[in-house]
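Worksheet: one structure, shown below.
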Amino acid sequence: MTAGRTVALVTAGIASTGAAWMAHAVAAAPTRQPDVGRGEIIAAQGVPPHVPACTGCHASSSGGSNGGGAFPRIAGQSLEYLDQQLRDFATGVRVNGVMTPIAKGLSAEEIADVTAYYASVAIPFLPLASGDPNLVKRGEQLAKIGDAAKDLQSCDDCHGPDGAGEPPAIPYLAGQYAHYIASQLKQWQLGARKNSPDSMEYIAKRLGDPDIEAVAAYFQQVRSAAQPTQSKE
Amino acid sequence: MVTIGVGLTGSLMALELAKTGLKVVGIERGAPRFTVPDFQSPAIHDELRFSIRKAMMQDNVKEPVTFRNASDQTALPVRRWESFLPGTGLGGAFVHWNGQSFRFQVADFIYKTHIEQRYGKKILDPDLTIQDWGVTYDELEPHFDRFEYLCGVSGKAGNIKGAIQPGGNPFEAPRAREYPTPPMKEPYFGALFRKGAESLGYHPYPQPSANLSRPYTNPEGLSLQQCVFCGFCERYACEHFAKASPQTVILPTLLKKPNFELRTNCQVLRINLDSTGKKATGVTYTDAAGTEFEQPADLVLITAFPLNNVRMLLLSGIGKPYDPKSGEGAVGRNYCYQTTGGATVFMDESINVNPFMASGANGTMIDDFGGDNFDHGPLGFIGGQYVGAIMTNGRPIEFHPTPAGTPKWGRGWKEAVARHYNHTVLVQQHGTSTASRLNYLDLDPTYKDAWGQPLLRMTFDFPENDIRMSQYIADKVVEIGRAMGGKSVIRGGTKRPYTTTVYQSTHNAGGAIMGEDPTTSVVNRYLQCWDVPNVFSVGASAFPQNGSYNYSVTIGALTYWALDAIKNKYLRAPGPLVHT
């Protein structure tokens, strides 16, 4: 066994390395800062003629989206995660008939701007009906503890306490629409979604349909402390 | 039959013997615990609780070890584990291990014969007491294979039936087939090490890992998942079913056996012998309420971690305790450890190591200086170490490398930690510990445990041979650090005296060693006690000296080897399996 503390064991003097040092640095490209304002315009207007507005399905700070269908909530989602998804839609690594042409229609800069907008914006939660309390309770158990009989670890192991997300790579689930969570888990179950760790396919298969509904119902009604409270509309 | 302890060796013994229909009782001093719910987040990533306060380790308020460097000193109890971390609880130390999964090499098992044949007897310092194991690598190979496939080890073979395999370790002992799963992904620190090591002509390869690279179902029908590189392996349990442990690869099958009974929170006090002293009748233990019980048994398996195996033999009066003055007696003799340490390589700030994205065993390493892989003739020492960039974590309390000359606290220290945290590579040295007549285990004459029984006393310092070996390799590691592009390199290497206050390794070994001669070994080649044939002492306590590698897989192979003899020989005709 090794441990980080082993470093305390090395006590001898420092050795100068002089010319032996070689540069391994990744060449630092001049970085362009994403333009959140431009991202908001893309979200609201799309990029004519081929890219429709994002807000129709994903909402904006001024409304839109009803939480139905297979459209996820993306406000406040990890920037890197959103960026990765758009790139995967564009290349076909993640397959989706709606998103692939949209992602292909966006330039790298437009992707950076629109993901920066959605990552930073606080959009109120919709007043959605809560699921069956027993279903929600079962979902909470799976999310927080897992299920020994199914060899299933808790969702929160990776998705963070109360599904708040572990950015940059791992998306939040707290407040995510039940329809979307269930549809993605079913895609993993079928082996149709391939742009995520292999463990998601394994977990979705072990969950089975009733428990997929349970975790979906649970996460939709979770409000993480870091996220905005429900809309009063 | 009874197992004393239900960790790696105990659960494996219990499973295989329960399969034969025997009634098996597993007695575990610690608590029951399972991946779900006990190992789930966020509690399992509590660094203060598990790394600093050692929540998974033997309770050293109740049951410490006493320690001294030499037999003319007075040993004192180790009340805070640092140097080594004996586990407790169901699954034992095989829960909190790192998953570094090596086989010992061919020469390790015939060490004395090999060294004397290659270099002559003169290379050995007079104090050294190395021995052959009494079992050969070829005899163990099928058992290594079986254990690796039980655990699903992820790796790249370097030598299949004598044919060297590109990408693997060319110094590896010949194996019958590939690893069960492919190696883990190489992290950036591993790639930096690979480049540096290759530029110097060495042979880098991916470290074999029991944190799996992909999902796997073992021959027991139990499934493991893919490691997510969370950086909480050693000192922690895996929440993802991704690390081989009794909980993932053994216990779910064992606990379904109707002829197996698990008793947790039960402390075995001694093995009971009949009036002849040559036959065990069972064990005496106390449960969590302090009530004393006697559990009769036809067969007693000591499977309690090397240090506790030796103590159980001594407390039970099995075998003759070792006397360092006369050199007589075998119980406690040849206690060995591991030589560790290594270099700290400080890189440029443009190089982001991201040490927190780690598994316990996803290093890149070389065996060019392992074991007897290089010519020791001109060097005047025996043994060796593997060398590798093996970074298991970037946890905030434990990981803050700073260059020499950095203040130990305050603003200067904080600035140095911030500067170097993400730009430092640790290059480990990890190697042999040579047996010496001066190092041994016995019962402490003064200090007792919570049950009033004498503590185990450890008398240990690194033999000069091992210091010369480690310091020789430390120079080589500095060269590698520079070739990796290190702006500065802090040299490692082991020094005397050995201290219990700095973490080094939990590979305590020896003390109840195996061999061919009852005067210099405690157990025969099948791990059966010479003096009490219905007691087997299983684990690294049987190693006559310690090899270069992390030892868990070799323990697993040795356990299967002993099981083979118990099932196919002992159960058919109970009695001594080896006659002298």
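Readers should treat all values here as calculations from the given coordinates under stated rules, not as data from a laboratory. Note that the structure is a prediction, hence the values are computed from the model and not measured. Note that each Cβ is placed from the backbone with ideal geometry, even for glycine, and that neighbours are counted across all protein chains shown.
Helix B:8-19 and the longest principal axis of the C-alpha atoms of chain B enclose an angle of approximately 50°. Listed by Cβ neighbour count within 10 Å, with the fewest neighbours leading, B:Y202, B:Y236 appear as B:Y202, B:Y236.
Of A:K150/B:K54; B:K23/B:K257; A:K194/B:K243, which ones are farther than 18 Å apart at the Cα?
Details: A:K150/B:K54 30 Å; B:K23/B:K257 10 Å; A:K194/B:K243 23 Å.
From the list (A:K150/B:K54; B:K23/B:K257; A:K194/B:K243), the Cα-Cα distance tops 18 Å for A:K150/B:K54; A:K194/B:K243.
What is the Cα radius of gyration of chain B over 2.2 N^0.38 Å, N being its residue count? Relative to the rule-of-thumb radius for its length, chain B sits at 0.91. Rounded to the nearest whole Hz, the Karplus-based 3J(HN,Hα) values (6.51 cos²θ - 1.76 cosθ + 1.60, θ = phi - 60°) of segment A:34-46 follow the sequence x, 9, 5, x, 5, x, 5, 5, 4, 4, 7, 10, x, with x at glycine and proline. The local environment of B:L577, defined by Cβ-Cβ distances under 10 Å, has a net charge of +2 under the rule Lys, Arg +1 and Asp, Glu -1.
Would you kindly calculate the mean projected area, averaged across all directions, of the convex hull enclosing the Cα atoms of segment A:83-159, in square nanometres?
Over every viewing direction, the Cα hull of segment A:83-159 projects on average to 7.9 nm².
Straight-line reach from B:K278: taking Cα to Cα under 17 Å and skipping same-chain neighbours fewer than 8 places apart, the aspartates and glutamates in range are B:D298, B:D531. Overall shape of segment B:25-130 was characterised from the C-alpha gyration tensor. The equivalent ellipsoid obtained from it has semi-axes of 37, 22, 13 Å, in decreasing order. For segment B:121-239, the Stokes-Einstein estimate of translational diffusion at 20 °C and a viscosity of 1.002 mPa s comes to 128 µm²/s, using the Kirkwood hydrodynamic radius over alpha-carbon pairs. Here's the list of lysines a cross-link from B:K414 could span, going by alpha-carbon distance under 21 Å and ignoring same-chain residues fewer than 8 apart: B:K487.
Using only atoms on other chains, find how many Cβ atoms lie within 10 Å of each Cβ of peptide B:487-497 and report the average.
Rounded to a whole number, the mean comes out at 4.
A crude spin-label estimate for the pair B:E349 and B:K185, with each label 7 Å from Cα along the Cβ direction, gives 2.8 nm.
The 3J(HN,Hα) values that the Karplus relation (6.51, -1.76, 1.60; θ = phi - 60°) gives for segment A:183-200 are, in residue order, 5, 5, 4, 5, 5, 5, 4, 7, x, 8, 9, 10, 9, 9, x, 3, 4, 5 Hz. Gly and Pro appear as x. Inter-label distance, B:R177 to A:S61: 6.1 nm, where each label sits 7 Å from its Cα along the C-beta direction. Around the amide H of B:G26, modelled in the peptide plane, lie the amide H atoms of B:T3, B:E261, B:L262, B:R263, all under 5 Å away and 5 or more residues distant in sequence or on another chain. The distance separating the Cα centre of segment B:329-367 from that of segment B:101-119 comes to 22 Å.
For the pair A:A192 and B:T20, label points projected 7 Å from Cα toward Cβ lie 5.3 nm apart. Among the lysines of segment B:80-196, pairs that are 8 or more positions apart or on different chains and have alpha carbons within less than 17 Å of each other number 4.
Given Cα positions, please report Rg to Rh for segment B:386-482, the hydrodynamic radius being the Kirkwood one. Kindly include the intermediate steps, with their values, before the conclusion.
Working: Rg = 19.6 Å, Rh = 17.4 Å.
Rounded to two decimals, Rg over Rh is 1.13.
Scanning residues 5 or more positions from B:L455 or on other chains, those with amide H under 5 Å from its amide H are B:D444, B:Y447, B:K448, B:D449, with H placed 1.01 Å from N in the peptide plane.
Based on the Kirkwood approach, the hydrodynamic radius assigned to segment A:36-120 is 12.6 Å, with every pair of different Cα atoms included. Geometric descriptor of segment A:133-220, per residue, is 82 Å³ (volume of the convex hull of the Cα atoms). Dividing the Cα radius of gyration of segment B:473-580 by its Kirkwood radius returns 1.19 for Rg/Rh.
Which loop trypsin sites (Lys or Arg not before Pro) in segment B:311-365, with loop taken from DSSP, have no more than 10 other Cβ atoms within 10 angstrom of their Cβ?
For trypsin sites (Lys or Arg not before Pro) across segment B:311-365 that sit outside H, G, I, E and B with at most 10 neighbouring Cβ atoms in 10 Å, the list reads B:K325.
Once backbone amide H atoms are built at 1.01 Å from N, B:G231 has B:A358 as its partners under 5 Å, excluding neighbours fewer than 5 places away on the same chain. Once the Cα atoms are used to define both axes, helix B:464-483 deviates from the longest principal axis of chain B by about 30 degrees. Compared with the dominant Cα axis of chain B, that is its longest principal axis, helix B:188-199 is turned about 80°.
Taking only the C-alpha atoms of the protein assembly as shown, the Rg (one decimal) and the largest Cα-Cα distance, Dmax (whole number), read 28.5, 96 Å.
Taking the DSSP bridge list for chain B and keeping only pairs wholly inside it, about 70 percent are antiparallel. So if I take the centroid of the Cα atoms in segment B:1-69 and the same for segment A:117-160, what is the distance between those two points in Å? Centre-to-centre (Cα) distance: 32 Å.
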